[in-house]
Ligand code: ADP
Ligand code: MG
């Protein structure tokens, strides 16, 4: 489903060459729930951005659902992102000038769906936000914004769902709600879920835990039972 081969990510910052990801090779099978953990700065967000096709590696290859991302042009990459990947971020990234409904309708509109708003409303209902459809992001709580962002990410039933510390800006109760929803969408829709988290108990509930340090995979194990 997701295959990374010898992926290297280098950047130059302030005249210095930085190696952000250093020879990462991974296979993530379809429908797996993978937690990605590691200290701040270890390359977790960079890894997710590469899988999402938001960034290109310096070298190595990334294949998503049979499509090799590396080497695709901008348009082809945008099409892959729309069809195959849903992403949620720590800071929600909703469009501030659009209502919750309009935000969730965007992927349907981009895909030329004839009923983008009906589809979006059904999804908002699924995440418990039907009564907030006409609200703008600023009028929503953090938990509500993240649930709307999740609805948008899942809109077109992408086979891959990526979440980068999705509860990092939320209080405990809202965070638990978002995680419950993420798990439900993963389970019911059979998508592959790659979740970056600092929450040990949450990571331990995944099928697999990948640990990054200094841009390298230093651990890759089935989750230990929570103790
Ligand atoms: P994590 O998500 O694990 O905290 P990141 O993937 O965000 O780590 O970043 C890994 C390293 O790469 C960090 O040291 C970060 O400062 C650096 N980095 C990421 N993006 C850039 C960039 N655009 N320019 C310079 N350094 C960057
Ligand atoms: Mg990060």
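Only the coordinates and a few stated rules stand behind these numbers; no lab work does. Source: prediction; values computed, not measured. As a convention, Cβ positions derive from the backbone with ideal geometry for all residues, glycine included, and neighbour counts pool all protein chains shown.
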Stretchable slack from residue 23 to residue 176, in nm (0.36 nm times residue separation minus alpha-carbon distance): 51.7 nm
Which of rounded, prolate or oblate describes the range 11-90 when judged by the alpha-carbon gyration tensor and an a/c cut-off of 1.5? oblate
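For 220, 55, what's the fewest-to-most ordering of other Cβ within 10 Å of each Cβ?
Numbers: 220 12, 55 16.
Listing 220, 55 from fewest to most nearby Cβ atoms yields 220, 55.
Relative contact order for the chain: what percent, with Cα pairs under 8 Å and sequence separation of 6 or more?
Values: 444 pairs, mean separation 61.5, N = 227.
With pairs under 8 Å counted, the relative contact order is 27 percent.
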Do you know the relative contact order of the range 117-227, to the nearest whole percent, from alpha carbon pairs under 8 angstrom that are 6+ apart? 19
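Under the classification rounded if a/c is under 1.5, otherwise prolate if a/b is larger than b/c and oblate if not, where does the range 163-214 fall, given a ≥ b ≥ c as square roots of the Cα gyration tensor eigenvalues? Write out the running numbers ahead of the final one.
Working: a/c = 1.88, a/b = 1.08, b/c = 1.74.
Because a/c hits 1.5 or more and a/b fails to exceed b/c, the range 163-214 counts as oblate.
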Quick one: among 91, 30, 141, which has the greatest mean-square fluctuation in a GNM of the chain with alpha-carbon springs under 10 angstrom? 141
Quick one: the Cα spread of the range 83-168 along its three principal axes, in angstroms, biggest first? 34, 28, 22
Tilt, helix 100-110 to longest principal axis of the chain (alpha-carbon atoms), in degrees rounded to tens, equals 70
In whole Å, what is the distance between the alpha-carbon centres of the range 124-156 and the range 49-68? 29
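Please say if the chain is rounded, prolate or oblate, where rounded means a/c under 1.5 for a ≥ b ≥ c the square roots of the C-alpha gyration tensor eigenvalues, and otherwise the choice is prolate for a/b larger than b/c and oblate otherwise? Spell out each step's value before the answer.
Working: a/c = 1.71, a/b = 1.36, b/c = 1.25.
Prolate, because a/c is 1.5 or more and a/b exceeds b/c.
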Could you check which residue among 88, 36, 127 shows the biggest mean-square fluctuation in a GNM of the chain with a 10 Å Cα cutoff? 127
Span from the the range 90-110 Cα centroid across to the the range 1-32 one, whole angstrom: 29
Quick one: angle between helix 74-84 and the longest Cα principal axis of the chain, in degrees between 0 and 90, rounded to 10, please. 70
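Which length gain, in nm to one decimal place, applies between residue 187 and residue 58 when the Cα-Cα distance is subtracted from 0.36 nm times their residue separation? Don't skip to the answer; put the middle values down first.
Numbers: separation 129, 0.36 × 129 = 46.44 nm, distance 3.39 nm.
Going from the current span to full extension adds 43.0 nm.
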Relative to the chain, whose Cα atoms define the longest principal axis, helix 116-126 and its Cα axis are tilted in degrees, nearest 10, by 80
With contacts defined as alpha carbon pairs under 8 Å and 6 or more residues apart, what's the relative contact order of the range 86-157 in percent? 46
